[in-house]
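Notes follow once the structure below has been shown.
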Amino acid sequence: MPKKNKDKSLAVLVTIVLWILAAWLLFPLVQLDRVDMSNVKSYIYRSALGLTLLIIFFGKTVFDLIFPWVHSKKLPLLNTILLALYALALSGGILFTILRIVTVYLKNRKQGFVY
């Protein structure tokens with residue numbers, strides 16, 4: 001197996017593992033009704049770590065969109081469109097995560113609007 005191909009497969013594997021880790025960290029926010037409020041601090045810290053991973057993915061995607069010469073060639077139009085849609089989906093996920101963290105915080109304090 002050529003070295004370049006091996007490096008690419010390693011990068012894909014690491015990315016998939018990080019996505020699985022982010023999903024695991026953010027899972028309690030999706031199942032917010034079933035979250036035990038007795039240990040809400042751990043959920044907030046866990047969610048903050050998952051949010052950090054999402055922000056890192058978003059930053060890498062925006063960097064790939066803005067600076068395509070890193071790949072030493074021009075990005076095809078389809079790649080650009082798909083990266084832009086991916087960045088849009090990531091920004092929606094980040095916004096959803098932030099809103100859910102605020103909801104957990106307000107639910108813990110028993111103040112404010114909680115949907």
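Only the coordinates and a few stated rules stand behind these numbers; no lab work does. Predicted model only: the values in this text are computed from it and were never measured. Every residue, glycine among them, receives a Cβ derived from its backbone with ideal geometry; neighbour counts consider all protein chains shown.
Before moving on, here are some points about what is shown:
- Were the residues from Lys6 through Thr80 laid out at 0.36 nm apart, the gain over their Cα-Cα distance would be 24.2 nm.
- For the peptides 79-89, 40-50, the ranking by mean Cβ contacts within 10 Å, running from highest to lowest, is 40-50, 79-89.
- At full extension, Ala89 and Trp19 could sit 23.8 nm farther apart than now, given 0.36 nm per residue minus the alpha carbon distance.
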